[in-house]
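The values are calculated or read from the model by the stated rules, or taken from the named source; none is laboratory data. On a predicted model such as this, the values are computed, not experimentally measured, just so you know. To get the accessible areas, we keep the full protein, side chains included, count just its heavy atoms, and leave off ligands, DNA and RNA. Shrake-Rupley method; radii C 1.70, N 1.55, O 1.52, S 1.80 Å.
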Amino acid sequence: MIAVDGIIGLIFLVLRVLALAGAVFAIVHAVRQRPDAFTAVNKLTKPIWLGILVVSGLVLLAFGPVQMLGIIAVVAVCVYLVDVRPRVDDIQRGPRW
């Protein structure tokens, strides 16, 4: 259990929950996608992205998002959510018109 000591503790708790929620969302999204969609948009393969996201989630769980490893994990999750996820979704959806 994480103790919340004052406003700073509450802020760290909110950051940890948001980072873990983002990591879980990214992992679930990556699991549900077709493997060929990743290579079709010239990104790393699905197993590599799943490995990166799972390790990031474990790092966030163990260290939190404000430690050095936690910051690296947050960046990895953000790269997936901002760069890889939209392109994979677009390639599977097809042209929008």
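Points to keep in mind about this one:
- Full extension of the chain between D83 and V31 yields a length gain of 17.1 nm, computed as 0.36 nm times the residue separation minus the alpha carbon distance.
- Solvent-accessible area per residue, Å², over the chain with all protein chains present [probe radius 1.4 Å]: 65
- Anisotropy class of the chain from Cα gyration tensor, a/c 1.5 cut: prolate
- Taking every full run of DSSP H in the chain, the ones that stretch at least 15 Å from end to end by Cα along their long axis and average 0.0 or higher on the Kyte-Doolittle scale are 6-32, 46-63, 68-79.
- Overall, the accessible surface of the chain at a probe of 1.4 angstrom is composed of carbon and sulfur to the extent of 72 percent.
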